[in-house]
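Each reported figure results from applying straightforward, stated rules to the coordinates on display, with no laboratory input. Please read these numbers as outputs of a predicted model, since none were measured by experiment. Note that we place each Cβ from the backbone using ideal geometry, even for glycine, and neighbour counts take in every protein chain shown.
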Amino acid sequence: MRVLATIEELRGALDAERANGRRVGFVPTMGYLHAGHASLIDVARSECDVVVLSIFVNPLQFGAGEDFSAYPRDLESDLEQCRAHGVSYVFNPNAEEMYRSGGQASIRVTAGEMGTVLCGRSRPGHFDGVCTVVAKLFNIVGPCRAYFGQKDAQQLMIIRSMVRELDVPVDIVGCPTVREPDGLALSSRNAYLTAEERGAAVVLSKALEEAAASISAGESDGRRVEALLAERVASEPLARLDYASCVDPLSLRRAEVIVGPVLLAVAAFVGRARLIDNVIVTLQGTTGYKAG
Ligand code: AMP
């Protein structure tokens, strides 16, 4: 496994791999890797000849007062996990390498309307930061298959749109959310939780399960599903709801009447962690759910 910090080195290495007929798989991350990230690596390895994983905590996608400085980092453990899962290249640039114009990006990719709903309402500019860094990473890595978690459903949908609209030669692959045995979605931010908060955090996945069950039982009013989700999260005193939404999984617009698949998405603060979770409910059942 090679650990590279410069754009030039990574480009050279991956161009050589492709010239040798090897298919490149790419897993972009912010590090502090867990079994959710590992599942993306495993899928990438099963479909590609070489896997590159990037570790970059992208300042552009954090708002003022958010947890950029506090975001957990542990490069040694990340490299160990990458080795154990057969990653060929780790790309670990610093902010100067990624944003040469003094740490700022004067030219950005904007996420448009899809970036203003759900998480975009309380995190203005977040998805522009995500699009900008992912567009840069795709230009650095080059033609590849790129693996993203369903855990960040809005991000996955926006990246799919970006690639389609900007004709980026990258195939996007969505992978199911990996969960703890009690249902909590794995997240680097779970590290912020105290033992008591960790117990309370399960309310997000439980609320989603209950709301999904109500749809399976015949509920077709999107607003009633949202109310059920919100009430269930509010029943946990340690959780403070940000949003509870029932939307079309492609457009992310509110599903007033449920006639096809919907994305149920929630965000809540538990202690100092802002946690998100979601499920896609089809009238046949719930998908994208993988027990940890
Ligand atoms: P992050 O390091 O949080 O930016 O995440 C990097 C990638 O890992 C993103 O595509 C996430 O959606 C994905 N990911 C994070 N948590 C999980 C999880 N619990 N299950 C599956 N994928 C995940």
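Some points to look at:
- Cα lying deepest toward the dipole's positive end in the chain, options N20, S39, M157, charges on Cβ: N20
- Within the chain, antiparallel bridges make up roughly 50 percent of the DSSP beta bridges whose residues both belong there.
- Stokes-Einstein D (µm²/s) once Rh is taken as the Kirkwood radius of region 162-289 over alpha-carbon pairs, at 37 °C in 0.692 mPa s: 214
- Using the alpha carbons alone, the radius of gyration of the chain stands to its Kirkwood radius in an Rg to Rh ratio of 0.96.
- Calculated FRET efficiency for the pair A35/R73, C-beta based, R₀ 25 Å, to 0.05: 0.85
- Net charge dipole size for the chain [Lys, Arg +1 and Asp, Glu -1 on Cβ; Debye, nearest 20]: 280
- Around the Cα centre of region 17-160, unit charges on the Cβ atoms of Lys, Arg, Asp and Glu (plus for the first two, minus for the last two) sum to a dipole of about 420 debye.
- Pair E180, S235: separation of 7 Å Cα→Cβ label points (nm): 1.9
- For region 215-233 versus region 1-74, the gap between their alpha-carbon centres in whole angstrom: 37
- Under a model in which nothing but the beta-carbon of Lys, Arg (+1) and Asp, Glu (-1) is charged, region 108-255 shows a dipole of about 380 debye around its Cα centre.
- Take every Cα pair under 8 Å whose residues are at least 6 apart in sequence, average their separation, divide by the length of region 134-288, and the relative contact order is 21 percent.
- Residues T29, T6 arranged by fewest to most Cβ contacts within 10 Å: T6, T29
- Summed side-chain charge close to S216 - residues other than S216 whose Cβ falls under 15 Å, Lys, Arg +1, Asp, Glu -1: -3
- Within region 1-105, the chymotrypsin sites (Phe, Trp or Tyr not before Pro) that combine a DSSP coil assignment with at most 15 other C-beta atoms in a 10 angstrom radius are F68.
- Dipole of region 59-108 [Lys/Arg +1, Asp/Glu -1 at C-beta], most positive-end residue of Y89, A105, S77: A105
- Overall Cα dimensions of region 1-134, principal axis frame, Å, largest first: 42, 30, 27
- Inter-part distance, region 126-196 to region 86-110, computed on C-alpha centroids, equals 16 Å.
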